[in-house]
Amino acid sequence: MKILVTGAAGFIGSKVMSMLLRRGDDVIGVDNFNDYYDVRLKHGRVEAFGLGDRIRKMDIADKAAVDALFEAEKFDKVINLAAQAGVRYSITNPYSYLESNLVGFLNILEACRNHGVRYLVFASSSSVYGLNAKVPYSEDDKVDNPVSLYAATKKSNELMAHAYAKLYGFAVTGLRYFTVYGPWGRPDMSPMLFAGAISRGEAIKVFNNGDMIRDFTFIDDIAEGTIRVLDHQPKAEDCPNGVPYKVYNIGCSNPVRLMDFISEIETAYGKEANKTFLPMQPGDVYQTNADTSHLEREVGYKPHWNLHEGISEFMKWYKSDLNPLK
């Protein structure tokens, strides 16, 4: 069985690909190595996880390149993690989200359709829940109130994927990732921002005056859950309306207050942070909280890392020579 991982030099993609290779799968990765954040992190992940000879530089928005790759490699399964990430960035740079998250995803769907791929797993996001007030978030909740373009593109991905599963019969699963953290995380995510500010003696920005709750999930749990989903292809007869399509929340199901998260980072770093308290930012939501009971029941997913362990592991990496941004 041959597997393609897109976004393979990214935070989640590199971890997923390294786990697949360790268990002996035949895996090829692609990544466009764009400069949304410091590209040294992407190259560092590739080197640290030994992915250099398995990753090709390619943009999924390039239809001809995608088609040529699928024609040459004859993939059985695909994990699409390539996307323009970041809620706040989508406020100021909307067009980059259309190119990668919509055009690029359409190219992947078309390639799966035209080249006999049996199963596609793709990254959605907890941001699709938008203004939903009910918590914890369930896959059965409506997701019609996005508060950022990023969230709207991820909801669009789910609709596009369902249509292709219905029309062309290949199986598809979408994963609504909740707040992911850990070693090799993106520099625009809170752990890296907070640790960096503390190390430089700068104030950290605490939005909504610290009154926020997030379902922080350690990267190893996220990657392990993604692979479990890859190994559990949905069957049409087990899905609504006979469409081989599933969508799952994947998180920790143990939401943490932002100020408690900051306190864990301060403790692990050994230094208290200076804090600047600010109002809620456009595109943000007050709370995320995943109901992962469907994923646990159907594929056996159960997160193992608690916040204290995860932050300790993150900070150990952050302070090490492996961190190219230290």
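Annotations for the structure displayed:
- Look at segment 296-308: where a residue is in contact (Cβ under 8 Å) with a residue 24 or more places away in the chain and surrounded by 14 or more Cβ atoms within 10 Å (Cβ to Cβ) and a partner is in a loop (DSSP other than H, G, I, E, B) and small (G, A, S), sitting 6+ places away or on another chain with Cβ atoms under 8 Å, you get P303/G251; P303/S253.
- Beta carbons closer than 6 Å, at least 6 apart along the sequence or on distinct chains, pair a first residue in segment 127-140 that is among the β-branched types (V, I, T) with a second that is assigned to a helix (DSSP H, G or I) for V128/A151; V128/K154; V128/K155.
- Residue check for S190: surrounded by fewer than 16 Cβ atoms within 10 Å (Cβ to Cβ), in contact (Cβ under 8 Å) with a residue 12 or more places away in the chain and either under 30 Å from Q233 (Cβ atoms) or hydroxyl-bearing (S, T, Y) (or both): no
- Flag: N114 does not match the condition of being at pLDDT 95 or above, under 17 Å from the mean Cα position of the chain (by Cα), polar (S, T, N, Q) and closer than 21 Å to T173 by Cα.
- Long-range neighbours under 6 Å by Cβ, at least six apart or interchain, first residue without any contact (Cβ under 8 Å) to a residue 24 or more places away in the chain within segment 48-68, second surrounded by 13 or more Cβ atoms within 10 Å (Cβ to Cβ): G52/V46; A65/M58
- Some residue of segment 62-81 being buried (at least 17 other Cβ atoms within 10 Å of the Cβ) and modelled with pLDDT under 95: no
- One residue stands out among those in segment 226-240 that are in contact (Cβ under 8 Å) with a residue 24 or more places away in the chain and more than 17 Å from Y177 (Cα to Cα): the one that is farthest from the chain's Cα centre (by Cα), which is A236.
- Restricting segment 12-46 to residues that are surrounded by 19 or more Cβ atoms within 10 Å (Cβ to Cβ) and charged (D, E, K, R), the residue that is nearest to the chain's Cα centre (by Cα) is K15.
- A133 meets all of the listed conditions (1) aliphatic (A, V, I, L, M); (2) under 19 Å from the mean Cα position of the chain (by Cα); (3) in a loop (DSSP other than H, G, I, E, B); (4) over 17 Å from Q281 (Cα atoms) but one, namely (2).
The values are calculated or read from the model by the stated rules, or taken from the named source; none is laboratory data. Computed from a predicted structure; not experimentally measured. Counting neighbours? That spans all protein chains shown, and the Cβs are built from the backbone with ideal geometry, glycine included.
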